[in-house]
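Following: one structure in structure tokens, then a few remarks.
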Amino acid sequence: MAPRLQAEHDLPSAELDAVEERLRDYNRRLTGRDDDRALIFALRDEHGRAVGIAAGYSWAGIAGLTLMWVDETYRGLGHGRKLLNAFVAEAAARGSLRIWVSTHNFQAPGLYEKAGFERMSELTGWPEGQSNIILCKTIQST
């Protein structure tokens, strides 16, 4: 029987995680690099609730920051910078040579630029009337 295509916009996260793991296995086999690990820092309030996150991964000498968020109540107090600095330091400790991040013009490209990230590309009209900005930080080897 041939596979059938169907929309599954509410795919359970466990099933999606399993498929992503199969893709990572494939990538590991083809590159010979099996050093992929999650890289996550959380900022928590006095009740243990996450009020800030810097999350991504390290793999094969690079790191990707895929989620950066600080609750509006805690913005403007330096917490984003703390999260970003922790992420960069851990990526460097793992031997990453570069860190990639994608952000929008209405989010925090200035935060990344102040931290030494350089704009590599700006994709206009993503979403319409806005831009998606790709930045990269090269980590100096010691």
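A short reminder: the numbers here are calculations on the coordinates, not readings from a lab. The structure displayed is predicted, hence computed values, not measured ones. All Cβ positions, even for glycine, are placed from backbone atoms using ideal geometry, and neighbour counts span all protein chains on display.
Selection of the stretch 95-123 for residues being hydroxyl-bearing (Ser, Thr, Tyr) and loosely packed, with under 15 Cβ neighbours inside 10 Å yields only Ser121.
To keep it simple, each residue is scored yes or no on (1) loosely packed, with under 13 Cβ neighbours inside 10 Å; (2) in contact with a Ser or Thr (Cβ under 9 Å, 6 or more places away or on another chain); (3) not hydrophobic (A, V, I, L, M, F, W, C).
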| site | (1), (2), (3) |
| --- | --- |
| Glu20 | yes, no, yes |
| Leu39 | no, yes, no |
| Val70 | no, no, no |
| Leu83 | no, no, no |
| Ala93 | yes, no, no |
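The single condition among (1) touching a residue at least 12 places away in the same chain (Cβ under 8 Å); (2) over 23 Å from Glu20 (Cβ atoms); (3) surrounded by 12 or more Cβ atoms within 10 Å (Cβ to Cβ) that Ala55 does not satisfy is (2).
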